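Here is the structure we will look at, set down as structure tokens.
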Amino acid sequence: MFQFKSDTVVKWTYIDGDEFNGSSVDLEKWIPSYSYAQINYRFDYIMLPKRIEFENGIAKFMCYRDTGYGGVPDWQLDSAFKKEYKSKLTPDNKFKYIYSCGNVWSKKQFGKGYFEMRFRTTDSYGMWPAFWLYGNNQKDEIDFFELKGERKRSIHVATHCPEGCDKKYKNSGLFPKGFSGWIKTSEALNEQYNVLAGEWQDGYVKWYLNGVGIAYFEGDFASQQMNLIIGTGPAKDHYGFEPGINKTSYFPNSLDVDYVRVWYTGESAKAKNSNSNKTTTYAYLKTDKSEEADLKKKIRYMYSKKAFKNDVVTVSILPSSNKKITVTSLGKEVNYTISFVDTNGKEVLKSNINSSLKEFDMSALTGSDQIKIRINVGTRSVEEIVQLQK
């Protein structure tokens, strides 16, 4: 993946992720609940593997209204827990849940990188889908997004760090506040697929919607690695991210995820995880409408014009089966050229790219499983040799 900027080009290497092409959760990559609990006690839902449904290369993180009883680990059954949840515990310490939902927690912890997810969300009132990083040991958190079903044109982003690195921000008042807020989008997020990405590096986090910068956090975390979490669940009145479910809410509902990809750059890319080798076919759900939402209104203290002023376009080169290549392009204006050169130095194809998805078939090439790709964006140019998949 290449981030073309007016003053440089940044190269990223695919490290890990999930294209969700199977029929069940990849248990080598994911825990299908939180790592420390299967039940979210405060919000009355249990996390079950069956609540992640797979359809045509999409993972549907579902939520059902589904009353039942789940076990509580012994370590949680202290006096404070029993007092708080007395009305929901049976005599044999089973917890009564009201909903069942789909969530995954990565078994691997990830370092600084670029975290990308293509998704479509629910519009069911009170639902609370999320995509985030969590540092278990330090309790640091980077919320790439938190969404609400009743706020179809808004994305909530935030950082949390116990030592206070997120408390130096000011809005219009005199007192510091945490880095968090709702960012308005131009289109409803439940009507088409969009790509949300977070870039976590030394000294900052950047948020991108369809390749366009929407938020910027300046600061560092105590955590050097964090777990990746994706899922959904209901909010609750009188708690964080209220309002909760009401009579207009519908079930089941879902957060639909096309893929999640993790990229590293520079020296950190050399720490490539062996799990990434499992992914040989990259999937991109073709839709009539996609990647259309944009930033509608900047939040002054959460945005940095300087941080994004040089951004042009982000291009991903994804080899798939039968010697095909998928090129995805994200940015405010997509308009550049790409050419393919064989091992003899002969240009075999050249194309202008002006859309988010373009596919190329190299099956006619004989004698080599490699192709050189040249990308020209304005005055910037890169070349990369790609191994074609059979």
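Relative contact order for segment 193-325: what percent, with Cα pairs under 8 Å and sequence separation of 6 or more? Could you put the intermediate results ahead of the total?
Values: 118 pairs, mean separation 37.1, N = 133.
That works out to 28 percent.
Taking the structure as given and computing percent of Cα pairs over 30 Å apart, which label from (i) 59; (ii) 37; (iii) 42 fits?
(iii)
If the chain between Thr90 and Lys332 were fully stretched, how many nm would it gain, using 0.36 nm times the residue separation less the Cα-Cα distance? Show your work: numbers first, answer last.
On the way: separation 242, 0.36 × 242 = 87.12 nm, distance 5.49 nm.
Contour length minus Cα-Cα distance gives 81.6 nm.
So for the pair Lys346, Phe81, with labels modelled 7 Å out along Cα→Cβ, what separation do we get in nm?
6.9
Once the Cβ-Cβ distance between Arg300 and Lys11 is put in as r, and R0 is 25 Å, what FRET efficiency do you end up with, to the nearest 0.05? Write down the numbers at each step before the final one.
Details: r = 32 Å, r/R0 = 1.28.
Between Arg300 and Lys11 the formula returns 0.20.
Could you list Trp207, Trp105 so that the one with the fewest beta carbons within 10 Å of its beta carbon is first and the one with the most is last? If you can, show how the numbers build up before the last one.
Details: Trp207 24, Trp105 19.
Sorted ascending by nearby Cβ count, the order is Trp105, Trp207.
Please work out the Cα center distance from segment 323-390 to segment 50-75, rounded to the nearest Å.
Cα centroid of segment 323-390 versus Cα centroid of segment 50-75: 40 Å apart.
Do any chymotrypsin sites (Phe, Trp or Tyr not before Pro) in segment 216-248 lie in a loop, going by DSSP, with at most 12 other beta-carbon atoms within 10 Å of their beta carbon, and if so which?
Numbers: sites: Tyr216, Phe217, Phe221, Tyr239, Phe241; in loops: Phe221, Tyr239, Phe241.
Hits after loop and neighbour filter: Tyr239.
If you stretched the chain out fully between Thr379 and Lys184, how much longer would it get, using 0.36 nm times the residue separation minus the C-alpha to C-alpha distance?
On the way: separation 195, 0.36 × 195 = 70.20 nm, distance 3.29 nm.
Working it through step by step, the gained length comes to 66.9 nm.
Which of the aspartates and glutamates could be linked to Lys107 by a straight reach, that is with a Cα gap under 14 Å, when you skip same-chain ones fewer than 8 residues away?
Here the aspartates and glutamates satisfying the reach criterion relative to Lys107 are Asp16, Asp18, Asp26, Glu28.
Mind checking the dipole of the chain: about its Cα centre, +1 per Lys or Arg Cβ, -1 per Asp or Glu Cβ, Debye to the nearest 20? Could you put the intermediate results ahead of the total?
Numbers: 55 positive and 47 negative charges, 140 e Å.
Dipole size: approximately 680 debye.
For Tyr250 and Gln387, calculate 0.36 nm times their separation in residues minus their Cα-Cα distance, and state this gained length in nm to one decimal. Can you show the working numbers first?
On the way: separation 137, 0.36 × 137 = 49.32 nm, distance 4.62 nm.
That works out to 44.7 nm of additional length.
In segment 318-390, what GluC sites (Glu not before Pro) fall in a loop by DSSP, with at most 14 other Cβ atoms inside 10 Å?
On the way: sites: Glu333, Glu347, Glu359, Glu383, Glu384; in loops: Glu333.
For GluC sites (Glu not before Pro) across segment 318-390 that sit outside H, G, I, E and B with at most 14 neighbouring Cβ atoms in 10 Å, the list reads Glu333.
Using Cβ counts within 10 Å as a stand-in for footprinting exposure, how do Thr379, Thr287 rank, fewest first?
Working: Thr379 6, Thr287 12.
The order, fewest Cβ neighbours first, is Thr379, Thr287.
Hey, what did segment 11-278 get for relative contact order, percent, Cα under 8 Å, at least 6 apart? Can you show the working numbers first?
Values: 637 pairs, mean separation 76.7, N = 268.
It rounds to 29 percent for segment 11-278.
Within 10 Å of each residue's Cβ, count the other Cβ atoms and sort Ile299, Ile46, Ile385 from fewest upward.
Values: Ile299 16, Ile46 23, Ile385 10.
Fewest to most other Cβ atoms nearby, the residues stand as Ile385, Ile299, Ile46.
Taking springs between alpha-carbon atoms closer than 10 angstrom, which of Ser186, Ser254, Ser316 fluctuates most in the Gaussian network model of the chain?
Checking each option, the largest mean-square fluctuation is seen for Ser186.
Please report the spacing between the Cα centers of segment 93-140 and segment 1-48 in Å, no decimals.
Rounded to whole Å, the Cα centres lie 9 Å apart.
Which FRET efficiency, nearest 0.05, do Ser339 and Glu292 yield, Cβ-Cβ r, R0 22 Å?
Values: r = 28 Å, r/R0 = 1.27.
The formula returns an efficiency of 0.20 here.
Applying the Karplus parametrisation 6.51 cos²θ - 1.76 cosθ + 1.60 with θ = phi - 60° to the phi angles of segment 183-191, what ³J(HN,Hα) value in whole Hz is obtained for each residue in order, glycine and proline being reported as x?
Whole-Hz 3J(HN,Hα) from phi for segment 183-191: 10, 7, 10, 6, 10, 6, 7, 8, 9.
The numbers here are math on the coordinates, done by the rules we state, and not lab data. Because the structure is predicted, anything quoted here is derived from the model rather than measured. No Cβ is skipped: glycine too gets one built from the backbone with ideal geometry, and neighbour counts run over all protein chains shown.
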